[in-house]
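One structure is given here, and the rest of the page talks about it.
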Amino acid sequence: MLTLVPDPVRLSEDGAAALAAEAMRLVSSGQTVGLGTGQAATAFVRALAPRVAGGLDVRGVPTSETTASLARGLGIKLVTLDDVDAVDVAVDGADEVDPRGDLIKGYGGALLRERVVASVARRFVILVGAEKLVPVLGARGRLPVEVVPFAAATARRQLEALGYASEVRLAHGRPVLTDNGNLLLDCRVGALKDPRALEATVRAVPGVAATGLFLDLRPTVLVWDGGRCRTLRPESPN
């Protein structure tokens with residue numbers, strides 16, 4: 001099971017709970033719901049459980065074994081993507097959100113599975129505190145990249161040659177393994193002038209399974225800001 005490394009920039013418990021309650025308004029009986037990973041997604045799973053106990057008929061597709069264990073323990077029925085053609089609504093958090101609604105994710109380590117679920121979701125909902133809103137992606141200086149262990153050393157060398165030095169993510173002094181058995185590289189980045197070009201470049205490095213760039217998904221972004229929830233209205237692409 002993935003070892004979650006806490007992000008020092010965290011929502012308050014009240015903020016996470018309020019965002020989760022707002023996201024629940026977008027969930028209806030009969031839906032398949034993507035269940036993200038991390039603080040905000042955990043709050044959503046906890047908000048979903050009493051509604052399920054009260055008769056809400058939904059199926060969850062978890063993006064990590066950690067989320068699956070939590071949801072299963074709370075009585076939420078789980079399925080896999082083998083069982084469904086699409087996900088009606090996926091609810092997750094993010095580490096950076098720019099004015100277009102493009103994202104950096106992966107500080108929680110489940111980026112590959114989160115990407116797969118987001119790609120088949122009819123509606124993608126992101127829950128964040130206002131501190132995660134950035135003028136340009138890369139503002140927090142870190143881009144997670146998931147790599148297969150066999151290629152980790154060569155991938156690091158190639159990324160460094162491109163100008164993106166990286167470190168293998170550790171927890172308790174040991175490399176973090178994703179639920180896919182892969183390693184996580186945290187690349188040092190600055191403000192990204194062209195995240196789409198960077199995504200293509202990094203994905204072309206042999207052994208890279210996914211990056212934390214979630215682009216052009218046009219999510220519904222719910223923001224906890226100044227003690228209230230608001231919906232981010234993404235800018236139109238240029």
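Just so it is clear, none of the values below were taken in a lab; they were calculated from the coordinates. Computed from a predicted model, the values in this text were never measured in an experiment. With ideal geometry, Cβ positions are generated from the backbone for all residues, glycine too; neighbour counts draw on all protein chains shown.
Among the residues of the range 102-119, is any under 30 Å from residue 30 (Cα atoms), among the β-branched types (Val, Ile, Thr) and touching a helix residue (DSSP H, G or I) at 6+ places or on another chain (Cβ under 9 Å)?
First, the residues of the range 102-119 that are under 30 Å from residue 30 (Cα atoms): 102-103, 105-106, 108-119.
Still in the list and also among the β-branched types (Val, Ile, Thr): 116-117.
So of that shortlist, the ones also touching a helix residue (DSSP H, G or I) at 6+ places or on another chain (Cβ under 9 Å) come out as none.
No, the range 102-119 contains no residue that is under 30 Å from residue 30 (Cα atoms), among the β-branched types (Val, Ile, Thr) and touching a helix residue (DSSP H, G or I) at 6+ places or on another chain (Cβ under 9 Å).
Is it the case that the range 185-200 has a residue that's acidic (Asp, Glu), within 18 Å of the chain's Cα centre (by Cα) and either over 24 Å from residue 35 (Cα atoms) or crowded, with 16+ Cβ neighbours inside 10 Å (or both)?
Yes, the conditions are met somewhere in the range 185-200.
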Quiz item: Does the range 95-111 include one or more residues that are closer than 19 Å to residue 184 by Cα and hydroxyl-bearing (Ser, Thr, Tyr)?
Solution: yes
Quiz item: Can you tell me which of 230, 203 is over 23 Å from residue 122 (Cα atoms) and without any contact (Cβ under 8 Å) to a residue 24 or more places away in the chain?
Solution: 203
Practice problem: Name the residue, out of 213, 198, 185, 192, that is aliphatic (A, V, I, L, M), within 16 Å of residue 168 (Cβ to Cβ) and in contact with a strand residue (DSSP E or B) (Cβ under 9 Å, 6 or more places away or on another chain). | Solution: 185
Quiz item: Using beta carbons and a limit of 6 Å, which pairs, at least six apart or on different chains, have the first residue in the range 99-125 and closer than 17 Å to residue 140 by Cα and the second one of a type in the set (Phe, Trp, Tyr) and crowded, with 24+ Cβ neighbours inside 10 Å?
Solution: 103/214; 105/214
